[in-house]
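Engineer: Structure below; questions to follow.
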Amino acid sequence: MPYEAEQDHLLLLLREVEEGEDPIDEESDPEVDNVRKRTEKRIPSKKETPKTRKCNIVTPLPGVRPCAESVTTVSKCWNLSFCDEILEILVENTIKRIQSQRDNFSRPRDAKSTDLDEMKALLGPLYLAGVLRSSRSNVDDL
């Protein structure tokens, strides 16, 4: 097509579009901006805001429990989490396990009994490893 013929053809199409109505425009009023209405966020008024459910209201105040308010040292904090009675139960059961495995060792020093101090000395680094998220570390490395 020569240039002038193509230009005439485009002008003819433009006139047809201007005379005819677009079916999308028939549905909407050109004076009203429907797109803005659909995309605007609706901000609820104070009356429309939902009331907080009773089950979602936190009644106890955050903070330290009364039994821990007077604690000032690390060892006292440790004793709040692990009392001596629990540690004694751990020591007793560990000794029972060591005695049941003692026959598998040729030297008596390989299966010695434990006490409360050794149990605390082991649980301290294990607790620290949990806090530091170093679960694959050896206790000697901590």
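The values are calculated or read from the model by the stated rules, or taken from the named source; none is laboratory data. Values in this document were obtained by computation on a predicted structure and should not be read as measured data. Cβ placement follows ideal geometry from the backbone for every residue including glycine, while neighbour counts extend to all protein chains displayed.
Engineer: Within the range 96-120, which residues are among the hydroxyl-bearing types (Ser, Thr, Tyr) and surrounded by 13 or more Cβ atoms within 10 Å (Cβ to Cβ)?
Structural biologist: Passing the criteria: only THR114.
Engineer: Please work out if CYS55 is in a helix (DSSP H, G or I), farther than 26 Å from ASP141 by Cβ and at pLDDT below 85.
Structural biologist: yes
Engineer: Continuing with this model, one more query. When you go through LEU80, LEU123 one by one, which is the residue that is in contact with a helix residue (DSSP H, G or I) (Cβ under 7 Å, 6 or more places away or on another chain) and either surrounded by 11 or more Cβ atoms within 10 Å (Cβ to Cβ) or at pLDDT 85 or above (or both)?
Structural biologist: Being in contact with a helix residue (DSSP H, G or I) (Cβ under 7 Å, 6 or more places away or on another chain) and either surrounded by 11 or more Cβ atoms within 10 Å (Cβ to Cβ) or at pLDDT 85 or above (or both) holds for just one of LEU80, LEU123, which is LEU80.
Engineer: Looking at SER106, SER113, SER81, SER137 in this structure, which one is under 27 Å from VAL64 (Cβ atoms), of a type in the set (Ser, Thr, Tyr) and free of Cβ contacts under 8 Å to residues at least 60 places away in the same chain?
Structural biologist: SER81
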